[in-house]
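Undergrad: To start, I am sharing the structure in question, which I have written as structure tokens.
Each reported figure results from applying straightforward, stated rules to the coordinates on display, with no laboratory input. The structure displayed is predicted, hence computed values, not measured ones. Note that we place each Cβ from the backbone using ideal geometry, even for glycine, and neighbour counts take in every protein chain shown.
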Amino acid sequence: MIRVQVPATTANLGPGFDCLGMALELYNVVEIIPIPMGTVIEVSGEGSNEIPKDEHNMVYQAAQKVFRQVGYSPSGLKLRLANQIPVARGLGSSTSAIVGGVIAANLLSGGKLSIKDIISLASSLEGHPDNVAPAVLGGIVVSVQADGEVKCLKIKPPHGLKGVVAIPDFPMVTKVSREMLPSQVPFQDAAFNVGRAALLVAALQQGDLSLLGAAMEDRLHQSMRSSMIPGFKKVLAAAKLAGARGVTLSGAGPTVIAFADSNLELIARVMGETFRQNGVKCRVLVLKPSPVGARALEIK
């Protein structure tokens with residue numbers, strides 16, 4: 001039996017569209033157990049009533065991809081999925097399933113894949129590496145696909161930094177939110193994001209949280225996606241007034257994440273209240289960045 005823990009992730013961090021992500025201390029656990037025959041999938045926690053329990057399950061599909069690649073053929077499999085990460089809320093639930101499946105299957109089949117192989121394979125299944133790299137490596141990761149592979153660098157999260165996540169009670173599927181984005185953007189908007197993304201990486205690297213407000217601004221994706229989230233702009237403004245260093249959409253949304261090193265309870269309260277005042281039920285969590293990525297909890 002293999003048990004693997006995978007952290008939640010928040011991608012983009014504002015301007016870093018498809019290339020920046022951070023792991024968070026909220027976890028899904030994947031267990032994979034060889035059985036004599038057939039497939040059994042059990043899901044508990046988040047998404048237990050909506051996640052497929054057949055061959056359409058993402059963990060199962062990721063595991064089968066690994067088995068095909070390394071030439072391993074189990075007679076049967078039992079999967080147990082214990083989920084803390086909300087499904088389709090912009091916190092990397094699909095990535096956690098893919099990464100958990102890939103790593104668990106790799107360990108079960110003899111550990112033939114390297115970390116680089118795992119990131120590459122998981123990214124090919126997910127479509128982009130911004131969630132995958134921090135889910136595997138932990139911390140904050142800059143990642144790009146170049147020369148047929150994923151190139152990435154990890155940044156240690158600044159001391160004291162935490163994320164306040166306001167999670168609306170409705171889903172936003174990444175594929176649908178991507179279809180809202182334009183195929184071209186004005187040159188000025190591209191230049192705006194390049195500058196902010198560069199400033200954000202430098203600020204995180206040096207631990208200068210005072211720059212996050214300006215550095216996390218975006219003109220490429222947030223305005224289009226946030227149009228589907230009632231009260232979004234008011235939530236951002238309320239979080240900043242309460243002391244948040246920077247506030248942005250988490251991944252494709254609808255979760256909003258505020259980064260701060262103080263006033264966390266106040267920020268959490270005003271974000272939740274502002275969403276509710278705009279007719280959106282939500283829950284709010286205060287999460288630390290996860291310094292470590294996916295890891296095996298048990299190998300038998």
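Undergrad: With no solvent and one point per C-alpha, what does the Debye sum give as log10 I(q)/I(0) for the range 1-67 at q = 0.15, 0.16, 0.20 Å⁻¹?
TA: -0.65, -0.72, -0.98
Undergrad: Moving on to the next point. Between Glu55 and Ser227, how high is the FRET efficiency from 1/(1 + (r/R0)^6) when r is the Cβ-Cβ distance and R₀ = 41 Å? Nearest 0.05.
TA: Efficiency computed from Cβ-Cβ geometry: 0.70.
Undergrad: Below 8 Å between Cα atoms, with a sequence gap of 6+, how large is the relative contact order for the chain in percent?
TA: With pairs under 8 Å counted, the relative contact order is 26 percent.
Undergrad: Continuing with this model, one more query. Hey, which lysines would be in cross-link range of Lys233, C-alpha to C-alpha under 28 Å, not counting anything within fewer than 8 residues on its own chain?
TA: In chain and number order, the partners are Lys162, Lys175, Lys281, Lys288.
Undergrad: Per residue of the range 163-175, in order, report the coupling 6.51 cos²θ - 1.76 cosθ + 1.60 (Karplus, θ = phi - 60°) as ³J(HN,Hα) in whole Hz, putting x for Gly and Pro.
TA: Listing the rounded values in order: x, 9, 10, 9, 10, x, 8, 10, x, 9, 6, 4, 4 Hz.
Undergrad: Quantify how much of the Cα-Cα distance distribution of the range 19-173 extends past 25 Å, in percent.
TA: 30 percent
Undergrad: Hey, of [x] 30, 21, 20; [y] 40, 21, 18; [z] 33, 21, 17, which did the structure itself give for semi-axes √(5λ) of the Cα gyration tensor in Å when calculated?
TA: Here the calculated entry is [z].
Undergrad: To the nearest 20 Debye, how big is the dipole of the range 165-300 about its Cα centre, given +1 on the beta carbon of each Lys and Arg and -1 on that of each Asp and Glu?
TA: 300 debye
Undergrad: Still on this structure, I have one more. Based on a Kirkwood Rh over C-alpha pairs, give the Stokes-Einstein translational diffusion coefficient of the range 161-248 at 25 °C and viscosity 0.890 mPa s in µm²/s.
TA: Answer from the Stokes-Einstein relation: 169 µm²/s.
Undergrad: Given points 7 Å out from each Cα along the Cα-Cβ axis, report the Leu181 to Val144 separation in nanometres with one decimal.
TA: 1.6 nm
Undergrad: Next up: Greater than 20 Å separation of Cα atoms is the criterion. Which listed pairs, Lys65/Lys300; Lys116/Lys151; Lys116/Lys154; Lys156/Lys240, meet it?
TA: Listed pairs above 20 Å: Lys65/Lys300; Lys156/Lys240.
Undergrad: Let me ask something additional. Which whole-Hz couplings ³J(HN,Hα) result when phi for each residue of the range 75-86 is put into the Karplus expression 6.51 cos²θ - 1.76 cosθ + 1.60, θ = phi - 60°, listed in order with x for Gly and Pro?
TA: So the J values, rounded to whole Hz, are 5, x, 9, 10, 10, 10, 10, 10, 10, 9, 7, x.
Undergrad: Taking the chain as a Gaussian network, where each spring joins two C-alpha atoms under 10 Å apart, which residue of Tyr72, Tyr60, Tyr27 fluctuates the most?
TA: Top of the fluctuation ranking is Tyr72.
Undergrad: Between the alpha-carbon centers of the range 125-188 and the range 261-300, tell me the distance in whole angstrom.
TA: 17 Å
Undergrad: Here's a follow-up. Angle check, please: helix 264-277 long axis (alpha carbons) against the longest principal axis of the chain (alpha carbons), in degrees 0 to 90, nearest 10.
TA: It works out to around 90 degrees.
Undergrad: Still on this structure, please answer the following. Spin-label point model (7 Å from Cα, Cβ direction): what's the Ser44 to Asp117 distance in nm?
TA: 3.2 nm
Undergrad: For the range 162-287, with the dipole built from +1 on Lys and Arg beta-carbon atoms and -1 on Asp and Glu ones, taken about the Cα centre, which of Thr255, Ala198, Gly163 lies farthest toward the positive end?
TA: Positive-end residue among those listed: Thr255.
Undergrad: Divide the volume of the convex hull of the Cα atoms of the range 95-140 by its number of residues and quote the answer in cubic angstrom per residue.
TA: Normalising the Cα hull of the range 95-140 by residue number yields 59 Å³.
Undergrad: For a label point 7 angstrom out from the Cα of Ala198 toward its Cβ, which stretches of the range 121-144 have the backbone nitrogen within less than 20 Å?
TA: 141-144
Undergrad: So how tilted is helix 187-206 from the main axis of the chain? Cα-based, degrees 0 to 90, rounded to 10.
TA: Between helix and principal axis, roughly 80 degrees.
Undergrad: Compute for the range 195-300: radius of gyration divided by Kirkwood radius, i.e. Rg/Rh, restricted to C-alpha atoms, rounded to two decimals.
TA: Ratio of gyration radius to Kirkwood radius: 1.02.
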